[in-house]
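FYI, it's all coordinate maths here, none of it is from the lab. Computed from a predicted structure; not experimentally measured. FYI the Cβ positions are ideal-geometry reconstructions off the backbone, even for glycines, and counts take in every protein chain you see.
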Amino acid sequence: MIADVYIELKEGVADPEGESTLKALRLLGFKRVKKVSTVKVFRIEIDAKNREEAEKEIKEMCERLLANPVIQKFRISWIG
C-alpha cells in the first residue's frame, strides 16, 4: 500500500517560507496570487494486512515523528 502524507501548518501559525514566496511571485508580476502556503509531502509504501492497519501505523508515524502536533496537521491520501 502507498500513501501520501501531507504535513501543513495549522491555521494561524506563521509561514515565513510561504510569505516570502508570495512576495517573490508578486515581484515577478503574478499579482493575482492571494496566498502561498508550504506543504510537505511524504510518500510512504507500507506492508500491512489492510488499509485500517496501515492507516493506524502511519498516523502513529505522524504523531511521533513526521508532524509537530502543536503547529502542524496531517492528512493521509491513499494511492491506488
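Worth pointing out:
- Any chance LEU65 is exposed (fewer than 11 other Cβ atoms within 10 Å of the Cβ) and either among the hydroxyl-bearing types (Ser, Thr, Tyr) or assigned to a helix (DSSP H, G or I) (or both): yes
- Selected residue (criterion: farthest from LYS73 (Cα to Cα)) from residues of the stretch 10-34 that are of a type in the set (D, E, K, R) and outside any helix (DSSP H, G or I): LYS31
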